[in-house]
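Scroll down for the structure; my scribbles are underneath it.
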């Protein structure tokens with residue numbers, strides 16, 4: 001297998017175990033409702049196309065930006081369409097009895113989902129990956145992605161994006177969200193090597 | 001009417017009639033330079049403030065003319081001159097420079113603010129007057145600039161709207 | 001007298017969730033803290049029987065707070081309650097003196113069980 005192809009495969013595997021663990025955590029928060037996940041897509045996204053990662057750049061979403069450090073560093077973005085958030089809250093067993101601000105619930109949800117994703121990546125390498133406290137915004141999807149990329153150290157015009165989606169059935173339609181991981185280019189190489197060392201021993 | 005989408009890092013120019021659009025602008029700045037006499041306008045969708053220091057060697061590998069504020073303003077200026085604008089009559093309008101994640105104890109770097117400041121500095125150095133600007137806030141914007149009206153319309157999602 | 005608990009978590013939602021759960025099960029939540037610094041200060045102010053400690057928090061994280069409390073009061077009973085279920089971190093927390101490590105999202109029973117066990121002198 002070619003080096004580049006192999007790298008993409010490792011990242012895809014990382015995305016699969018990551019979103020799998022995140023979905024398990026989300027399901028448990030939503031009273032064991034079934035959470036469906038997509039096969040991750042790993043892409044090199046040019047900066048000029050980054051605003052379209054979510055589809056419509058103007059779609060209003062509730063997004064949590066979670067920078068993380070450790071053997072692998074980068075940014076994670078967890079997002080839900082704004083109308084899905086309240087439905088998710090209804091599905092949470094405690095939401096009914098807890099009168100609480102939506103942002104606070106979403107922040108905790110993002111913390112658990114992103115951390116669960118990182119926990120899975122940690123188990124692939126044995127490294128500790130430390131997420132920071134989620135920073136939440138409710139605005140256009142394109143603006144979120146653009147702002148997250150601007151906060152990262154970029155040395156060229158594209159970003160490696162591990163894009164995963166999840167959904168659950170709510171009434172008549174699917175409620176979907178997204179978890180995007182943008183690893184720092186500098187730390188990606190070491191991560192790939194560590195995974196190789198763990199898996200190919 | 002022709003609507004040109006100006007994506008992150010890009011520069012586009014229109015003349016006589018049309019619309020320049022930047023969708024979902026966050027910490028970026030959508031800068032428009034226009035010549036009311038000749039009805040030429042160009043938009044730059046600026047991503048980061050500086051091509052030097054902070055982002056080492058970034059410029060060397062960037063093929064995006066509007067990636068950095070300090071070089072984008074000059075590039076945009078040159079682009080509209082090429083399409084018939086006159087050196088004397090150029091004016092500027094801009095929107096963007098938000099800090100979406102401002103709630104975090106001010107610990108996050110405010111790229112939006114730095115972008116706005118870098119653009120203003122470059123404009124003043126070139127002697128280009130700013131006739132309208134809406135910068136900052138914690139929300140994204142879609143920015144449209146129309147010819148021949150020379151109005152900039154800003155939509156922020158929800159119900160916040162502005163025209164400058 | 002009811003067991004007194006200090007709940008440490010950066011989100012209001014999680015503090016409220018834990019508070020409701022613990023109160024319903026006969027514990028008395030005597031204080032809340034939203035970061036590690038706050039937690040250390042409130043611990044020595046309130047002297048609770050047990051602390052539930054989140055890890056990912058602003059200012060000072062939960063592991064640093066845990067070590068800081070245990071350094072001054074080795075008898076402190078602290079249960080870590082975090083989404084960070086990564087093995088090296090769980091080992092670090094337990095080796096630093098945490099009595100138990102609950103990975104979020106948790107089952108309510110698991111939390112009550114952990115507190116009861118710690119109060120009866122057992123450890124994870």
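The values are calculated or read from the model by the stated rules, or taken from the named source; none is laboratory data. Predicted, not measured: the structure shown is a model, and the values here were computed from it. Positions of Cβ are backbone-derived with ideal geometry, glycine not excepted, and every protein chain shown enters the neighbour counts.
Screening the candidates B:56, B:120, B:113, B:12 for the property of being modelled with pLDDT of 95 or more, surrounded by fewer than 23 Cβ atoms within 10 Å (Cβ to Cβ) and within 14 Å of another protein chain (Cβ to nearest Cβ) yields one hit, B:12. Looking only at region A:121-141, residues that are more than 14 Å from chain B (Cβ to nearest Cβ), in contact with a strand residue (DSSP E or B) (Cβ under 7 Å, 6 or more places away or on another chain) and outside any strand (DSSP E or B) come to 4 in all.
Conditions (1) within 24 Å of residue B:143 (Cα to Cα); (2) modelled with pLDDT of 90 or more; (3) more than 7 Å from chain B (Cβ to nearest Cβ), marked per residue:
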residue: A:143; (1), (2), (3): yes, yes, no
residue: A:156; (1), (2), (3): no, no, no
residue: A:165; (1), (2), (3): no, no, yes
residue: A:168; (1), (2), (3): no, no, yes
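Against the list (1) free of Cβ contacts under 8 Å to residues at least 60 places away in the same chain; (2) assigned to a helix (DSSP H, G or I), the condition residue C:22 fails is (1). Only residues that are farther than 21 Å from residue A:89 by Cβ and in contact (Cβ under 8 Å) with a residue 60 or more places away in the chain were counted across region A:17-41, and they come to 8.
When region C:1-45 is filtered for residues that are within 12 Å of chain A (Cβ to nearest Cβ), in contact with a helix residue (DSSP H, G or I) (Cβ under 6 Å, 6 or more places away or on another chain) and either closer than 19 Å to residue A:103 by Cα or crowded, with 23+ Cβ neighbours inside 10 Å (or both), the ones remaining, listed by number, are C:9, C:11, C:12, C:13, C:14, C:36. For region B:75-93, filtered to residues that are touching a helix residue (DSSP H, G or I) at 6+ places or on another chain (Cβ under 8 Å) and either modelled with pLDDT of 95 or more or buried (at least 24 other Cβ atoms within 10 Å of the Cβ) (or both), the residue that is farthest from residue A:135 (Cα to Cα) is B:90.
All of A:130, A:135 fail the test of being more than 26 Å from residue C:107 (Cβ to Cβ) and modelled with pLDDT under 95, apart from A:135. Does at least one position in region B:94-108 carry a residue that is more than 14 Å from every other protein chain (Cβ to nearest Cβ), buried (at least 20 other Cβ atoms within 10 Å of the Cβ), part of a helix (DSSP H, G or I) and at pLDDT 95 or above? No, because not a single residue in region B:94-108 is more than 14 Å from every other protein chain (Cβ to nearest Cβ), buried (at least 20 other Cβ atoms within 10 Å of the Cβ), part of a helix (DSSP H, G or I) and at pLDDT 95 or above.
Taking (1) touching a strand residue (DSSP E or B) at 6+ places or on another chain (Cβ under 6 Å); (2) without any contact (Cβ under 8 Å) to a residue 40 or more places away in the chain in turn, residue A:107 satisfies each apart from (2).
Residues are listed down the side, and each one gets a yes or a no for (1) within 20 Å of residue C:47 (Cα to Cα); (2) modelled with pLDDT of 95 or more:
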site: C:74; (1), (2): yes, yes
site: C:77; (1), (2): yes, yes
site: C:85; (1), (2): no, no
site: C:103; (1), (2): no, no
site: C:107; (1), (2): no, no
site: C:120; (1), (2): yes, no
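The criterion of at least 3 residues that are in contact with a helix residue (DSSP H, G or I) (Cβ under 6 Å, 6 or more places away or on another chain) is met, among helices (runs of 4 or more DSSP H) falling completely within region C:46-124, by C:62-72. Taking region B:28-42 as the range and being more than 12 Å from residue B:73 (Cβ to Cβ) and assigned to a strand (DSSP E or B) as the test, the residues that pass are B:30, B:34, B:35, B:40, B:41. Of the residues examined, residue A:118 is not one that is part of a strand (DSSP E or B), buried (at least 19 other Cβ atoms within 10 Å of the Cβ) and in contact with a strand residue (DSSP E or B) (Cβ under 8 Å, 6 or more places away or on another chain).
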